[in-house]
1. When you go through (1) assigned to a helix (DSSP H, G or I); (2) at pLDDT 95 or above one by one for W79, which number turns out not to apply?
2. Which number in (1) out of contact with any Lys or Arg (no Cβ under 6 Å at 6 or more places or on another chain); (2) hydrophobic (A, V, I, L, M, F, W, C); (3) closer than 21 Å to G253 by Cα marks the one condition that V168 misses?
3. Starting from residues that are outside any loop (DSSP other than H, G, I, E, B) and hydroxyl-bearing (S, T, Y), keep the ones in the range 318-349 and report whichever is modelled with the lowest pLDDT.
4. Condition first: touching a Phe, Trp or Tyr at 6+ places or on another chain (Cβ under 9 Å) and either assigned to a helix (DSSP H, G or I) or closer than 13 Å to Q293 by Cβ (or both). Now tell me which residues in the range 176-189 satisfy that.
5. Do you know which residues across the range 115-144 are more than 15 Å from D227 (Cα to Cα) and among the small types (G, A, S)?
6. List the pairs whose first member sits in the range 146-170 and is on the phi > 0 side of the Ramachandran plot, whose second member is buried (at least 19 other Cβ atoms within 10 Å of the Cβ) and of a type in the set (A, V, I, L, M, F, W, C), and whose Cβ atoms are under 7 Å apart, counting only residues at least 6 apart or on separate chains?
7. With the checklist (1) touching a residue at least 12 places away in the same chain (Cβ under 8 Å); (2) part of a helix (DSSP H, G or I); (3) under 27 Å from the mean Cα position of the chain (by Cα) in hand, flag the one item E133 doesn't pass.
8. Among the listed residues K173, K141, which satisfies the condition of being outside the structural domain of K106 (by TED's automatic domain parsing), farther than 18 Å from V257 by Cα and in a helix (DSSP H, G or I)?
Amino acid sequence: MGRGASDLVDLYDGAVETVRYFLAARKIIQRFQPDVLVYRTTLFNFAPQLLRRMYQLPCVAEVNSIKYLEISVASRSGWAARVTRWAEQYAIRHSDRVFVVSQSIKDFVDQFYPSDRCSVIPNGVETEDFNPERFDREALKEAFGLEGRIVLGYVGSYKTWHGLPVSVELIQKLHATDARYALLLIGNGENYATIKAMVKERGLEDVVYQIDYVPHDEVPRHTAVFDYAVMTYPDFEGFYFSPLKMYEYMSMGTPIVSTDTGQIGSIIRSGETGELVYPPSATQFFEAIQALQQSPERYQRISQASRAEVLQSHSWLNNASKVMRVCEQLLDNSDLSDSDSNIKISQGS
């Protein structure tokens, strides 16, 4: 089994998380007597299902990733995928309502769970933290040693499906036309060393800057130096992600240039709140960025529109109200039952 599968399928960690979560959540339930338990699915953590039965407490699951699909991409390990698929489906089936972060995840969940009990609520952002008015971009560029540069940026975990080799190819093409271009990569992960070696091999050490760790409360300050945010995802079947960073970039008013894949095309309107390219080649990204760079008015319009979009529709406060509506609809239904059995679930007092 490859590293990706071994990282994802870990029964021991799941058992430890089940016990830890169960003990902590039981104290909360006993103290506050909630009407609904809302939880985020975590692989092999079955504590919410135990608490649901113990306290006859309606349960709402948030599904923001499908590890089964990630294993399929990362390792193609048959047994790992089967065990993971079973665990994820068990948790979802034993929840009274489900909300997911993308239509692609809903399409997957709809295969084994009632469609009318599953809602799509995309990810969001803390718009006050990621507020461009808090920062002076040019002063920060100077502080980061990027004064006078046109900065393309990425924040993430260097997963295979982030397509970072395309970002390196892209910056090489851009820098060949204008030496001001630079690429700032923030984060670490399984392909960090590979990208670092690629940068060295191409002689781009003075063009590509890698920062391997930034605390989350420092991420807004770092992304404030980005002139463009690049999301060079490869196009593959089952792309289900709702990238948190996409909303953070938009909240910062940073024009995004992204592959048109999965949910991204339903959030970013190309030419209005960002730029979408397809296929995801360095040439396609190069042409999109060059066109934006040559049209300052269009660049500014996209910057303002992307910030306005998240303020209107994608703040965490907005998301919380949507989750509340899911819970209210659940409690308004007097015939709550387990999707795999006929056990009745009553509203907690």
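The values are calculated or read from the model by the stated rules, or taken from the named source; none is laboratory data. This is a predicted model, so every value here is computed, not measured. Cβ sites come from the backbone with ideal geometry, for glycine too, and all protein chains shown count toward neighbours.
1. Condition (2) is where W79 drops out.
2. Single failed check for V168: (3).
3. Taking the range 318-349 and keeping what is outside any loop (DSSP other than H, G, I, E, B), we get 318-332, 337, 344.
Filter again for hydroxyl-bearing (S, T, Y), leaving 321, 337.
Numbers: S321: 96, S337: 43.
It comes out as S337.
4. Step one: filter the range 176-189 for residues touching a Phe, Trp or Tyr at 6+ places or on another chain (Cβ under 9 Å), giving 177, 182-189.
T177, the sole residue that qualifies.
5. S115, S119, G124, A143
6. Y158/L164; Y158/I195
7. (1)
8. Working: K173 fails: farther than 18 Å from V257 by Cα.
Result: K141 is the single residue among K173, K141 that is outside the structural domain of K106 (by TED's automatic domain parsing), farther than 18 Å from V257 by Cα and in a helix (DSSP H, G or I).
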